[in-house]
Amino acid sequence: MDDDIAKTVIPDPPPLLGEAPTFLAMLATVSALAPVPRPVLVMGERGTGKELVAARLHYLSPRWDRPFVTVNCAALGGTLLDAELFGHEAGAFTGATRRRLGRFEAADGGTLFLDEIGTMPQEVQEKVLRVVEYGEFQRLGSSTTQRVDVRVIGATNADLPAMAAAGTFRADLLDRLAFAVVPLPPLRERREDIPLLAETFARGMTRELGRPFFAGFGEAALAQLLAHPWPGNVRELKNAVERAVALAEDPEAPVEALQIDPFGRLPADAPSPPASASPAPAPPLPDDFDAAVDAHAGALLAEALEAARFNQKDAAARLGLDYHRFRRLLKKHGVG
């Protein structure tokens, strides 16, 4: 099975890390929705972490120990997507030599994440509507009804209400899926998180390369990070930072400049900066040191939980803490 089409784990996901009010409000919404066994739509631009939010909804729910299965709806056409989601009987179509269970059956008792759900053909939408509504479906080529208990989480960067109005997405399916809608803020709306995210990605790449430490970012590099519009959001930031660390001529010196676009282009809608343009100012120092330290500690705890799939003992070990101290810190900083 193609891992880009369907998989049950997220390999080494980047952390859901940030301190911006819009980001923290989104995480609070996700935590509140996680235990509610209803569908959720995660809406956001590319690179904002939609799959990570879906995973958080699953691993904070009572279904955390059951399968978390993902399917990229854009990767398959109508019949193949139908067979991938609902399975098929032998002989259902050319090449179907034996019965195969679908992803809904694989996710029974757990969560099915449908990425790029706006690309799903109408005939498949109708079958998804029935399984969301009644928990039942038929494999391709079968008249026997199968029953499953699956929580569906959809994700897209498309305007589904506009598609429903235009008749390209079923309005009744949208109604079922939109029990709750979680919009993810783009990186340009949470610029105060850029230094924290960049430092996290840089340290991770430094460890991956086996280097002893990361020397940090110079003022010009930080200004460059803060000034970029980041159309690819956190994924683009991660790529740019990791590339800068990997290609650094002197790994023991701070990074002074980044090649944000590997193709060497400016954004299409961005004017060329004047030669005398001064760099954007670095973020101001916090006026409450203790609060800033607490926020950073809380972010580290949250990052460790994400990396450990919310296994608290594993997360404590990753931070070099004993389990009981880790639990006290979680309570102190309101994480989890």
Review point. Which residues' amide hydrogens lie under 5 Å from the amide hydrogen of residue 182, considering only partners 5 or more residues apart or on another chain, with H built in the peptide plane?
Key: 41, 42, 43
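So for 163, 205, 120, fewest C-beta neighbours within 10 Å to most, what's the order?
Values: 163 16, 205 19, 120 25.
In increasing order of surrounding Cβ atoms, one gets 163, 205, 120.
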Point to revise | Gained length - residue 191 relative to residue 29, 0.36 nm times residue gap less alpha-carbon distance | key: 56.3 nm
Check your understanding: What are the residues whose amide H is under 5 Å from the amide H of residue 17, where those residues sit 5 or more places off or on another chain and H is modelled from the backbone?
Key -> none
Study note, to complete from the structure: Over the Cα atoms of segment 158-229 the radius of gyration and the largest Cα-Cα distance (Dmax), both in Å, equal 20.1, 56
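Ranked by Cβ crowding within 10 angstrom, fewest neighbours first, how are 258, 187 ordered? Could the numbers behind the result be given before it?
Details: 258 21, 187 27.
By the 10 Å Cβ count, ascending: 258, 187.
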Study note, to complete from the structure: Taking 333, 324, 58, 228 and counting other beta carbon atoms within 10 angstrom, the fewest-first order is 324, 333, 228, 58
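Each reported figure results from applying straightforward, stated rules to the coordinates on display, with no laboratory input. Predicted, not measured: the structure shown is a model, and the values here were computed from it. We place every Cβ from the backbone using ideal geometry, glycine too, and count neighbours over all the protein chains shown.
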